[in-house]
Structure formats: C-alpha cells, structure tokens
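Engineer: Please see the structure below; I have some questions.
The values are calculated or read from the model by the stated rules, or taken from the named source; none is laboratory data. A quick note: this is a predicted structure, and the numbers were derived from the prediction, not measured. For neighbour counting, all protein chains shown are included, and Cβ atoms are generated from backbone atoms with ideal geometry for every residue, glycine included.
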Amino acid sequence: MKGLTVAYLRMALPALSLALLLVAIFWLQPRAMSYVGLNLLLNLALPIAFATIAQMLVITVNDLDLSIGAFVGFVACVGATWLRDDPMLGVAVLAAAIIAYSAVGALIHLRNLPSIVVTLGMSFVWLGLAILVLPTPGGKAPDWLRAAMTFKTPLLPMTLFASAALALVVHVGLMRTAYGAVLRGAGGNPASVQRAGWSLLKVKMTMFALAGFFGVLSGLALVGLTTSGDANIALRYTLLSIAGVILGGGEFTGGRVSPTGAVLGAMTLTLAGSFLSFLRLDPDWQIGAQGAILILVLALRVLISRAEART
Amino acid sequence: MTRALSALMAKPWLWSYVGAFAIWLATASYTGGIGSGEVLTAALSFATFSVLVAIGQMYVITLGPGNVDLSIPATMTLAGAVSMKIMDTADPMILPGLAIALGCGAAVGTANYGLIRLLRIPPIIATLSSSFIVLSAAISYSRGIRIKPPPLLADFATAVVFGIPVMAACAALLTAAMSVVLHRTIFGRTVTAIGQNPRAARLAGLPVDRVRFLTYVMCGVFAGLTGYLLSGFSGGAALNMGAEYLLASIAVVVIGGTSVAGGFANLPGLWGAAMLMFLLVTMLNTFGLGAGVRLVLTGAIIIAVIAAASGRPRER
C-alpha cells in the first residue's frame, strides 16, 4: 500500500513541482491569478511544449536532438516569410523539412552514427537555411496563425487547453497504441523489437519525422506569438527541451518517457523564468537560480525513487 | 608496406587529418598559395584552445554513454574572469593566477560529479544546471569589467616561433602526455574499461567512482586552463568567450575518431579535427560566401566527415 503511494508520488512529481511553482508565483504576485496574468505567464509555454515533445520522441529511441532549437528557428523564419507570401511554397518547404528530419533518422540508423554529432551538424544546416530565408530579423506571421495563437478561450488561456490536448494526443499515441509500444520498445530493447519482425529503420524514421512535425508546430506557434521571425529566436530551445523531458520524468535511455510529464516539464521551465523575475532577484543570478531550480526538482525525484526502492 | 598502409588506414584519427589537409589545399589553391602559411599558423593557435577543452571532454565521453560535460564554456568564463581579476595585470601574479584558474575548474568538476553521484542526475542535465550557476557566478564576480591580462602572459599566448605558436607546441606536448596517461596508466586504462562495460569494470574491482570523479575534475581543470590561456590570448576575459567551445569540444572529440558510445579514445585525432574545424571556416570565408551558405556547408561537411570516418556497421 505504501509502495503504491510512493509510486504515485513519483508519477505526480512533475505536476507537483509545477503546482508548487504556480502557488509561489501567486503568493508573490497575486495579480497573476487572473486570466490575463496566466496568459502572460504561460504565453510562451506552448512552443516550448511542442519542442519538448519533439525532443522526447527522439529520446524515446535513445537518440538526442541537438538541432531542434535551430530547426524551430528555421520554421519560424519560413512561417514569417514564404508561408505568408506564397502558402503553397511555404507548406511544401515545411513538408520537405519533415522529410529531411526523417532522412537524418535513417542516416543515423543505417550508418550507426552518434546522433549527438549528426544533429549538431544539422543545427548548423538549419541555422544557415534560416539565415538564407530571412537574413535579418523581420517578416510577418500569416494572419490566420496570429489569430490562432491569440484566440481567447473561455475560463482559462488557450495555452492550457492546447497543452492538455497535446499531452493527451501524444499520450494516447505513444503509450496506448500497439505501434506506440513498438516505438518505445525500440528504445528499451532494439534487438528484441527487431527479432519480432519490426523494422528498426522504419521506427527511427517515424520517430524523427514525428519530431520534425512537432518541431514545425513549435516554430509556427512561436511565430504566431512573436509575429515576426528571427533565425536565432529559438536556439535555447535545444537545452530547454532536453531539460523539460528529464524534468517530466523521462530517461535518456531505455524508451522510458512520459508525454504528460514532458509537457508539464516544459511549463515548469517557462514559469521558472517568471518566478525568478517576481522574486526581484539580482539579474546576475537569474540564470543561476534557474539551474538551482532544475537541480532541486531532480533531487526531489531521487529522494522519491529511493523511498520507492526501500518499500 | 601494404601492411603498414592498411594499419594506417585503420587508424580512426586518419580521416580528420585527410579532411583538414584537403580543405587547406582547396583554400591555398583558391588564393594561389598566398598566405597559406599564415593560415596554418592561425589555425594552430585557435586549434590549441579547442584541443585543450576537447582533451577533458574526450576523457569524460570515453566514460560511456550519457557522459558529457556541458559546463565547459561556463567554467572557461569563470576561470578567465577570476584569474584576470586576481592577477590584475601584474606579471608576478601569473603563476598564482594559473593556480586559481585551475582551482576554479577543479571546483566546478567536483560540484558536477557531486550532482551526478549523490543526486544521480544524468551528466547532461547535471553539468547543464551547474553551468547556469557557474555562469551567474562569473557574471556577478566580474561585473562586466574586462581586465587585461598581465603583459608577460599575453606575450606568451601570442608568441610565434618559425610559424609555430609557442602555446600550440606546449599543448602538443601536453596532448602527448595525456595520450600516455590514456593508454599506459592505470587511470587511463580504467577510464576506457568503464566506458566499455561499467558493470564489468566494477566487478573487476576497479575504483569506478573514484576514476569517474577524477575524470570530471580533470575536464574542469582543462576548461579552467583554456579559459586562462584564451583570456591571455584575446586581451581579457569576456562573458561569452566560452560559448563556441561547447559544440566545438564535442565535435572535435567525435570527428577525431573517439567513440561517442565510450570506451574507445585517441588523442592525435583531436588536432586533426580542431584544425579541420578552423580551416573549414577559413576556407568558406575565403570563398566569400554569405553567413547562411557558410553555416549550411559547415554542417553538411561535419556530417559527411562523421559518416565517412565513424560509420561502421553495428558491432557485437
């Protein structure tokens, strides 16, 4: 019975840390406890959540994507230029980008290359392409994208509904379907998945293509919020997305990931920034405090895991 | 003869030298050979810094999957900022300053391993989180003031004899020493053994925890040393001076033929890879290409070199 509670605690940790952070923010700044306040706080959470899900899919098959930040920036640049001026061309370019992502997965698998280095190389490629598309920051998001991202839902801000829907869709797809189990199995025990007759190549290509798809969503959501593009706009997403996956209870190897946790992890990281600015901390130490929060949450997880092991 | 040739071909570090040489030739033929000697001197100077951080990173990566140190740039900045401020342009303070820079690196390495071992945080996240704190410490400590290095240190860092930077020659000696440490000492052999199979290493009675701890500390010390030398080379510590060395340290290690999966490392490749990275940027600059095309080609060539050099069928 006690073991069960500890197991629940472990599952609930991403949600608990997010709740704790929210309470702390409301306590420091009661005015944040409103529709407008929440909207401002969580505005940028959606693109980060999409990028975190993309990263999570790559981590599921034991790889790591160091190019996701540059890719999101590239998509934002395409979104702010071609997608507005020539929608057909814009959509075609984004589709080609997803295919390119899938091809990277195939290359990594076929040549047995380290994903860290290949995606590192790809990050240069995406950044370069983004600069070619949009040499200086600017452009303008398509109106429909702008409208979608500023859409006002009743009761709670749109970001919350969209994030919940994202978590639900990915959870069902990856955790509840038969092929989802194969996809996770390719991270847990690739040899046995292969012996069972599944193509590991197809699995890698699927996962990387899906990562590219969510990367596209992230870039579009971002450009819808910021209204203009910039090649360097999302470079920090690479590290944020990795941290989000781990905060959300995922592990680097073994296909052990949690879509719900990843989305919550992304929101926690977004809020951590706001929390620190409300604290009126010395600006020099803001980024350091972000690191400290990360360490704190992960330390909590270890404590819970130890309690779990003891029971 | 053919056996010697095939033994050479089997060396994992060969491709980085071949790539670097090909790129240098392409640049030299484009400019008609003008300035190609100076390009090599500059490449050696800048490669020195990449190689120094990459030595530490290589040892860490060799510990096995998931081991990587992302705090190198922050450590470089902290070591550079603290040592420059304490030396305060005074020549007699050069050695104490060096000790302080190395001490900063050792402290960060110790903190990193503490997070990894005690809190069981994956190394990527542990070193990332600690790098945030270290960077904040560097910002807070230096207050944005750039202090010049002592003149003697600046002279040493920029000295060139017969077209070879003095610092690069020293770093080459250090590389050779670290190669002996890797292949001929118990410490180096243990690092490799842990990378190949941590469980087997532990069961064989090797001091796994102590060696991992020392490896992370050593990586920090190398980052501290590089921060110190780079500050001397570029006229003071800048807050963003480490930024490009995060990706460079990893890329140089892997292009140099060290296995990302761990347990298999070599040091000669670091120089080839570091030269390749610098010459590549120089070549694309010489060709007068725009920033976008330059970045795309850099990425494409890195991937091509990796695919040619480290692509081998799944072992087992």
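Engineer: Restricting the first residue to the range B:142-162 and requiring it to be buried (at least 16 other Cβ atoms within 10 Å of the Cβ), which pairs with a second residue that is assigned to a strand (DSSP E or B) meet a Cβ separation below 9 Å and a spacing of at least six or different chains?
Structural biologist: Final answer for the pair search is B:157/B:165.
Engineer: Exactly one of these conditions fails for residue A:170: (1) outside any loop (DSSP other than H, G, I, E, B); (2) surrounded by 22 or more Cβ atoms within 10 Å (Cβ to Cβ); (3) within 14 Å of chain B (Cβ to nearest Cβ). Give me its number.
Structural biologist: In the conditions (1) outside any loop (DSSP other than H, G, I, E, B); (2) surrounded by 22 or more Cβ atoms within 10 Å (Cβ to Cβ); (3) within 14 Å of chain B (Cβ to nearest Cβ), residue A:170 misses (3) alone.
Yes or no, residue by residue, for (1) under 27 Å from residue A:150 (Cβ atoms); (2) in contact with a Pro (Cβ under 7 Å, 6 or more places away or on another chain); (3) in a helix (DSSP H, G or I):
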| residue | (1), (2), (3) |
| --- | --- |
| A:202 | no, no, yes |
| A:205 | no, no, yes |
| A:213 | yes, no, yes |
| A:218 | yes, yes, yes |
| A:238 | yes, no, yes |
| A:250 | no, no, no |
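Engineer: Turning to a different aspect of this structure: Among the numbered conditions (1) more than 13 Å from chain A (Cβ to nearest Cβ); (2) assigned to a helix (DSSP H, G or I), tell me where residue B:115 comes up short.
Structural biologist: (1)
Engineer: What helices (runs of 4 or more DSSP H), lying completely within the range A:62-150, carry at least 1 residues that are at the interface with another protein chain (Cβ under 10 Å from one of its Cβ atoms), aliphatic (A, V, I, L, M) and touching a residue at least 12 places away in the same chain (Cβ under 8 Å)?
Structural biologist: Correct list: A:68-80, A:87-110, A:115-133.
Engineer: When residues of the range B:83-126 are filtered for being within 28 Å of residue B:208 (Cα to Cα) and touching a residue at least 40 places away in the same chain (Cβ under 8 Å), how many remain?
Structural biologist: Final tally of qualifying residues: 17.
Engineer: Shifting gears a bit: Could you please let me know if residue B:48 is part of a helix (DSSP H, G or I) and more than 21 Å from residue B:280 (Cα to Cα)?
Structural biologist: no
Engineer: From A:266, A:234, A:262, A:243, grab the single residue that is under 18 Å from residue A:24 (Cα atoms), surrounded by 20 or more Cβ atoms within 10 Å (Cβ to Cβ) and within 16 Å of the chain's Cα centre (by Cα).
Structural biologist: Selected residue: A:266, the only one of A:266, A:234, A:262, A:243 that is under 18 Å from residue A:24 (Cα atoms), surrounded by 20 or more Cβ atoms within 10 Å (Cβ to Cβ) and within 16 Å of the chain's Cα centre (by Cα).
Engineer: Now for a separate question. Of everything in the range B:282-312, what is within 11 Å of another protein chain (Cβ to nearest Cβ), over 17 Å from residue B:253 (Cα atoms) and hydrophobic (A, V, I, L, M, F, W, C)? Give them in sequence order.
Structural biologist: B:284, B:289, B:291, B:293, B:295, B:296, B:297, B:300
Engineer: Turning to a different aspect of this structure: Are there any helices (runs of 4 or more DSSP H) wholly within the range B:175-288 with 1 or more residues that are under 21 Å from residue B:102 (Cα atoms), and if so which?
Structural biologist: B:186-196, B:208-233, B:243-255
Engineer: Checking the condition of a type outside the set (D, E, K, R), at pLDDT 90 or above, buried (at least 23 other Cβ atoms within 10 Å of the Cβ) and in contact with a strand residue (DSSP E or B) (Cβ under 7 Å, 6 or more places away or on another chain), which residue from A:76, A:70 passes?
Structural biologist: Criteria check complete, one pass: A:76.
Engineer: Can residue B:204 be described as touching a residue at least 12 places away in the same chain (Cβ under 8 Å) and either of a type in the set (Gly, Ala, Ser) or farther than 23 Å from residue A:114 by Cβ (or both)?
Structural biologist: Against the criterion (touching a residue at least 12 places away in the same chain (Cβ under 8 Å) and either of a type in the set (Gly, Ala, Ser) or farther than 23 Å from residue A:114 by Cβ (or both)), residue B:204 does not qualify.
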